[in-house]
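J.: Sharing a structure below in structure tokens format, with a few things to ask.
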Protein chains: 6
Amino acid sequence: MLITRKAEFSASHVCSNAELSPEENERLYGLESRPNGHGHNYVLEVTVRGDVNPVHGMVLDLKELKEVIRENVLDIYDHRFLNREVPPFDKVVPTAENIAGDIWQRLDEPIGRLGSKLHSVRLHESDDLFVEVCEPHAK
Amino acid sequence: MLITRKAEFSASHVCSNAELSPEENERLYGLESRPNGHGHNYVLEVTVRGDVNPVHGMVLDLKELKEVIRENVLDIYDHRFLNREVPPFDKVVPTAENIAGDIWQRLDEPIGRLGSKLHSVRLHESDDLFVEVCEPHAK
Amino acid sequence: MLITRKAEFSASHVCSNAELSPEENERLYGLESRPNGHGHNYVLEVTVRGDVNPVHGMVLDLKELKEVIRENVLDIYDHRFLNREVPPFDKVVPTAENIAGDIWQRLDEPIGRLGSKLHSVRLHESDDLFVEVCEPHAK
Amino acid sequence: MLITRKAEFSASHVCSNAELSPEENERLYGLESRPNGHGHNYVLEVTVRGDVNPVHGMVLDLKELKEVIRENVLDIYDHRFLNREVPPFDKVVPTAENIAGDIWQRLDEPIGRLGSKLHSVRLHESDDLFVEVCEPHAK
Amino acid sequence: MLITRKAEFSASHVCSNAELSPEENERLYGLESRPNGHGHNYVLEVTVRGDVNPVHGMVLDLKELKEVIRENVLDIYDHRFLNREVPPFDKVVPTAENIAGDIWQRLDEPIGRLGSKLHSVRLHESDDLFVEVCEPHAK
Amino acid sequence: MLITRKAEFSASHVCSNAELSPEENERLYGLESRPNGHGHNYVLEVTVRGDVNPVHGMVLDLKELKEVIRENVLDIYDHRFLNREVPPFDKVVPTAENIAGDIWQRLDEPIGRLGSKLHSVRLHESDDLFVEVCEPHAK
């Protein structure tokens, strides 16, 4: 059984790599490389895998899951300029792929402590683009 | 090839377990445990797996699939108070997980009779919460 | 300038009028008249009209608007069986029209106290049905 | 007849007024006042009013309308930090209300040159908040 | 009080005017003028204005409204090639504006017979384009 | 890591098989078999699988992916009558399943040339129906 909870946060970012030239950054990232940054309403879908508890009929306590997402992701990312305020994005380019990977790192252990398994992190950067990190061997 | 059909139904429910104390039920289910019930517009996505028939170009006859969903789910769940009117929810807590599990039981065999395989049942209880039951070994 | 804030609540209801016969109620309301009730995820859009304050650039303080909606609508309606728990719906049929009218009554004065004018209340009962109450002479 | 075209842009902003204290800014704007900025996927709906041309059956040439929106709004706002890169937001707080007012100013005359009348500008900052500027006397 | 019902239909069309040259048609309508036609999932929103009936709490019987839309619009438009099968589009260019105008003509009288007033017809041709016809003096 | 890009196209089609009788075609495809055709706004989701490049932080260059989808799908399908203008649909019934299969064939190799792997093609024909083709052994 998989259970998915959605959450949203607003953040700004710049996609550029300090080791590359401005031209190379613009070629790679287009408008995303403009130095003052721009922003998105990111939509996050966190999917947890587990068995349904026969007593209460849930995979895990949804209020606890919500709290784990709030504490480990929203409180850190929401209304922030990622490159300046949220490590590792002072050093790592905050592409959707890298943000999703960082969210996986932040959620994997706390969700394990709730007795469940993080199955996937899906991050929508805009209406026409999303990325997904999955459990190894799951897809 | 996977083919997915959406359907909706409106129902009300109470999430509480008669074997637990009111305090324990409130701690577990929050507002969902209020005894008079409340309701949702449930959105159901039924995914069927099969090969594409080389003559008609479809996995299965969509009108038959729609009819199977109507007969086995919508006619039973729609505009009902689940705890009072739809067994097993007189005994089983109608969490999203248990509802999805019950829908899987109701659809698995009739879809098999159409010559296809039920692949997953995804049930959205609200905009920010959905659950999914999949074929064993599929995910 | 109009500013609109969305909110959601889950509730259950029965549409039937005690002064009518069961047959008449079923003819009028169809499945909505089943006596145990059923539920919806109601989506509410509250639109306020006002001038933009030249200092802070807003029609009104959004946190105050959110609080007014929470206190006067969500705390009263959310996760409730309207006919049994939320007057006047012990006496008045809780159609979408009557719910929207009741929400207008509950919000009109508190929004006036914020120095703005309630412009419209739009209530979505499902994806394909919504009702709207507007200021007199506005539409 | 009204015709509405949607467009999207991503931008970042800070809501704070240099004439107010940091405490006052935080009280007014909450997380929106954090100094490094954050961002949104803004969704813009531009509504034009006009008669249907009896020869071609349109209110106005949609390709021309799209070009007017691109040239006067998207090219200026998209992937920008509004406070730093898009006047008047170096001096005016970029609330949704002020952004919508600025877009009205930018579009009113060019749409008039297409032979139509700008009817309303609706700007969605997030899924649960939008503002709308209308023609005088229209609402 | 306004009440809005959504409905969908799939149809194909060609936008071109036989009195214009192919070049002029292509300049005006772009890809929409290709002679074999293409199609859309049209989303229709029909808004009716009326007082709430004090006995049954509704502006009008929703099942009757649904039936009026089905009989006067869906049965005629759905799964049709408009230019070839649905007059007046053998002579009139089936732009979104003209389709909305035709739907208004088809619905105005039957909705009047239900004791209500047709307030607006809104037609979405795609996610980023919709048109709206309103009651005179309403907007 | 999976990355998904959405795109849309409008097309018309007829679902019928010349080797079957009109009655058999109508029984199989219902309204979809009407000979003049009808249309849809198809929504396409192309999912690519790959490792995140440690230098630029992306699975692949999104502008290149967009270009591959435009060149191999949109330029061929958009604003076309599939049965008449887009082989193999002169011979193959353009059901959603067959269209998704054809899109897989068109995209698999060009995405491989970008150094990534096509993971799935999901095609939405309407709000309540979509099909998906996946990598062998992936689901």
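The values are calculated or read from the model by the stated rules, or taken from the named source; none is laboratory data. Note that the structure is predicted; figures quoted are calculated from it, not measured. Every residue, glycine among them, receives a Cβ derived from its backbone with ideal geometry; neighbour counts consider all protein chains shown.
J.: For the stretch E:33-60: of the residues being under 22 Å from C:Ala100 (Cβ atoms) and within 7 Å of another protein chain (Cβ to nearest Cβ), which is surrounded by the most Cβ atoms within 10 Å (Cβ to Cβ)?
T.: E:Val59
J.: Has the stretch B:42-63 got any residue that is at pLDDT below 95, closer than 22 Å to C:Arg34 by Cα and part of a strand (DSSP E or B)?
T.: Looking for residues that are at pLDDT below 95, closer than 22 Å to C:Arg34 by Cα and part of a strand (DSSP E or B), one finds none in the stretch B:42-63, hence no.
J.: If D:Leu74 meets every condition in (1) aliphatic (A, V, I, L, M); (2) surrounded by fewer than 16 Cβ atoms within 10 Å (Cβ to Cβ); (3) away from chain A (no Cβ under 14 Å) apart from one, which number is that one?
T.: For D:Leu74, the exception is condition (3).
This table checks each residue for (1) within 23 Å of A:His56 (Cα to Cα); (2) in contact with a helix residue (DSSP H, G or I) (Cβ under 7 Å, 6 or more places away or on another chain); (3) of a type in the set (D, E, K, R).
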position: B:Leu2; (1), (2), (3): no, no, no
position: B:Ala11; (1), (2), (3): yes, yes, no
position: B:Glu26; (1), (2), (3): yes, yes, yes
position: B:Glu32; (1), (2), (3): yes, no, yes
position: B:Val48; (1), (2), (3): no, yes, no
position: B:Val52; (1), (2), (3): no, yes, no
position: B:Glu64; (1), (2), (3): no, no, yes
position: B:Asp75; (1), (2), (3): no, no, yes
position: B:Phe89; (1), (2), (3): yes, yes, no
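J.: Still on this structure, please answer the following. For residues in the stretch E:85-129 being under 30 Å from E:Asp51 (Cβ atoms) and free of Cβ contacts under 8 Å to residues at least 24 places away in the same chain, which is nearest to the chain's Cα centre (by Cα)?
T.: Checked the stretch E:85-129; the qualifying residue nearest to the chain's Cα centre (by Cα) is E:Asp102.
J.: Of all residues in the stretch E:1-13, count the ones that are within 14 Å of chain F (Cβ to nearest Cβ) and among the hydrophobic types (A, V, I, L, M, F, W, C).
T.: Number of matching residues: 3.
J.: Select from the stretch D:64-99 the residues that are of a type in the set (S, T, N, Q) and in a helix (DSSP H, G or I) and write down the one among them that is nearest to D:Tyr42 (Cα to Cα).
T.: Once the filter is applied, the top-ranked residue is D:Asn98.
J.: Hey, another quick one. Name the pairs whose Cβ atoms lie under 7 Å apart, with the first residue in the stretch E:63-77 and among the polar types (S, T, N, Q), the second at pLDDT 95 or above, and 6 or more positions between them or separate chains?
T.: What qualifies is E:Asn72/E:Arg106; E:Asn72/E:Leu107; E:Asn72/E:Pro110.
J.: Let me ask something else. Please work out which one of (1) modelled with pLDDT of 95 or more; (2) facing chain C (nearest Cβ under 9 Å) is the condition B:Gly30 fails and give its number.
T.: (1)
J.: Here's another thing I want to ask about it. Could you grab me the full set of residues in the stretch D:8-28 that are buried (at least 17 other Cβ atoms within 10 Å of the Cβ) and either of a type in the set (A, V, I, L, M, F, W, C) or touching a residue at least 60 places away in the same chain (Cβ under 8 Å) (or both)? Spell out the reasoning first.
T.: From the stretch D:8-28, those buried (at least 17 other Cβ atoms within 10 Å of the Cβ) are D:9-17, D:20, D:25, D:28; that's our starting set.
D:Phe9, D:Ser10, D:Ala11, D:Ser12, D:His13, D:Val14, D:Cys15, D:Ser16, D:Asn17, D:Leu20, D:Leu28, listed by residue number.
J.: Looking for something more than 9 Å from chain D (Cβ to nearest Cβ), part of a helix (DSSP H, G or I) and over 21 Å from D:Glu125 (Cβ atoms) - is there at least one such residue anywhere in the stretch A:14-21?
T.: No; the residues of the stretch A:14-21 include none that is more than 9 Å from chain D (Cβ to nearest Cβ), part of a helix (DSSP H, G or I) and over 21 Å from D:Glu125 (Cβ atoms).
J.: Right, something else. Could we say that C:Gly57 is without any contact (Cβ under 8 Å) to a residue 12 or more places away in the chain and either among the basic types (Lys, Arg) or out of contact with any Leu (no Cβ under 8 Å at 6 or more places or on another chain) (or both) here?
T.: yes
J.: With the requirement that a residue be within 30 Å of A:Asn25 (Cβ to Cβ) and of a type in the set (Gly, Ala, Ser), what does the stretch A:35-77 give you?
T.: Hits for the stretch A:35-77 are A:Gly37, A:Gly39.
J.: With the requirement that a residue be at negative phi, more than 10 Å from chain E (Cβ to nearest Cβ), in a loop (DSSP other than H, G, I, E, B) and surrounded by fewer than 16 Cβ atoms within 10 Å (Cβ to Cβ), what does the stretch C:110-137 give you?
T.: Passing the criteria: C:Glu135, C:Pro136.
J.: Could you tell me how many of the residues in the stretch E:84-98 are touching a strand residue (DSSP E or B) at 6+ places or on another chain (Cβ under 6 Å), within 14 Å of chain F (Cβ to nearest Cβ) and either surrounded by 21 or more Cβ atoms within 10 Å (Cβ to Cβ) or of a type outside the set (Val, Ile, Thr) (or both)?
T.: Count: 2.
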